[in-house]
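All remarks here apply to the structure that follows.
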Amino acid sequence: MRLTDIVVRNLPPPERGQKTYPDDAVSGFGVRVSQGGTKTFTLLLGRTRERITIGRYPVIGLADARTEAKRLLAERTLGKHRPQRVKFETALEQFFATHLAQTSRPTTQKEVKRLLNRHLLPKLRHESMENITTHDLTKIVDKLVGTPSECEHLFRAAKTFFRWALRRRLISHSPLEGLEAPAKGESRDRVLSDEELARVLSCCARLGGPFAVFVRLLALTGQRKGEIASLRAEMIDRDARTITLPLTKNGRPHTFPFNAAAGDLIENLPEEGLLFPAKGKDSPLNGFSKAMTHLRKECGINHWTLHDLRRTFATGLQRLGVRIDVTEALLNHVSGVRAGIVGVYQRHDYQQEMRAAATLWEAHLAKLPPPG
């Protein structure tokens, strides 16, 4: 039949399933009507009779749908091909296995996977890549404006993914192309006072549990939260009282000493596998927001983060007179005085100096007045 606006409007729904009414005017073009009465313009392309969904009636009118069908047929005739119909989840798996695995360090791979799996996959899992719009993505990214760093990192990871998809011809254009990255958040400079630090440590000792031990280890060692969260028993030499992180943020292994207070905490942790596994999973502790909200409330100190403990550790060592190069060795920093030519030729491991600094810091924490 030749479709007209009146014909389309009056097409009856089938008793079961769906029925397609072809249009005599354009080969392969027609209207598919569902049992519920929904009407969708479609086009069958090529020998494989690939079904292309053009749009739903009456959001798209017959004339516009027919014009789009002709354009798609013309592209096929001229040798232009539509991107492959690939679901987001499938494309993401391909991206991880090919591009990301071959071009990025393990720590970068882990972070990009976390960002895309956490924020994009739940919303876009079953969407065809070609159907994902700029609005779909900005709606997800904009929800993170309260966490500027997470927002910016997600945007950059997503942009890399969609550029890869464009090169693979999975999409005809990137939905993020031309958009500016979200503004970076201001650098934090929060350092806990001695009184605040005493309240946090006292509160953790009172509460107990894996997260409280985790926080106390961060305060004692000054290490990054992700590296302590991923700590495994085999990384700890209990006799030498050292911890070796095989791969850190800067791509280098890091061995640092721990003393009595940290040792007492470690003695009560598992002797094999992850020391801080996520609940019910064989993966590192994560999702700190809920636990931190509870801890802030319990200790009565607002507006502080786990990373502030690292900054407090570094600032505290300077107040105690520890040399900056020793502090940087403990923090595993490769900038500052250990950068450039010094970093290339200076191979002293600082183990004795780091242990002395850790002992000094531990003694300082032990002398903190109990919270009132």
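Side notes on the structure shown:
- Amide hydrogen proximity for residue 55: with H placed 1.01 Å from N in the peptide plane, the residues at 5 or more positions away or on another chain lying under 5 Å are 41.
- Alpha-carbon Rg/Rh ratio, for segment 52-164, with Rh computed the Kirkwood way: 1.07
- The chain - Cys residues lacking any other Cys C-beta under 4.7 Å: 151, 204
- Taking every C-alpha pair closer than 8 Å and separated by at least 6 residues, the mean separation divided by the residue count of the chain gives a relative contact order of 11 percent.
- From its DSSP helices (H runs of at least four residues, each -39,500 (n - 2.57)), the chain gives a residue-normalised ellipticity at 222 nm of -13500 deg cm²/dmol.
- R0 of 25 Å, Cβ-Cβ distance residue 143-residue 279: FRET efficiency to nearest 0.05: 0.50
- Phi angles of segment 136-143 translate, via the Karplus equation with coefficients 6.51, -1.76, 1.60 and θ = phi - 60°, into HN-Hα couplings of 4, 7, 5, 5, 6, 5, 5, 5 Hz per residue; Gly and Pro are given as x.
- The H on the amide N of residue 323, modeled in the peptide plane, is under 5 Å from the matching H of no residue at least 5 residues off or on a different chain.
- Taking 0.36 nm per residue of separation and subtracting the Cα-Cα distance, full extension of the segment from residue 318 to residue 367 would add 15.9 nm.
- Extension gain, residue 288 to residue 2: 0.36 nm times the residue separation minus the Cα-Cα distance gives 96.8 nm.
- Separation of alpha-carbon centers, segment 245-295 and segment 170-236, rounded to whole Å: 11
- Identified option (computed mean projected area of the Cα convex hull in nm²; candidates (i) 26.0; (ii) 32.0; (iii) 19.9): (i)
- Taking the centroid of alpha carbons for each part, segment 1-40 and segment 105-119 are 45 Å apart.
- Residues whose amide H comes within less than 5 Å of that of residue 232, counting only those at least five positions distant or on another chain, are 275 (H built at 1.01 Å from N in the peptide plane).
- Computed E for residue 248/residue 191 - FRET, C-beta separation, R0 22 angstrom, nearest 0.05: 0.45
- Between residue 136 and residue 111, full extension at 0.36 nm per residue minus the direct alpha carbon distance yields a gain of 6.8 nm.
The numbers here are math on the coordinates, done by the rules we state, and not lab data. Everything numeric in this text was worked out from a predicted model, so none of it was measured. We place every Cβ from the backbone using ideal geometry, glycine too, and count neighbours over all the protein chains shown.
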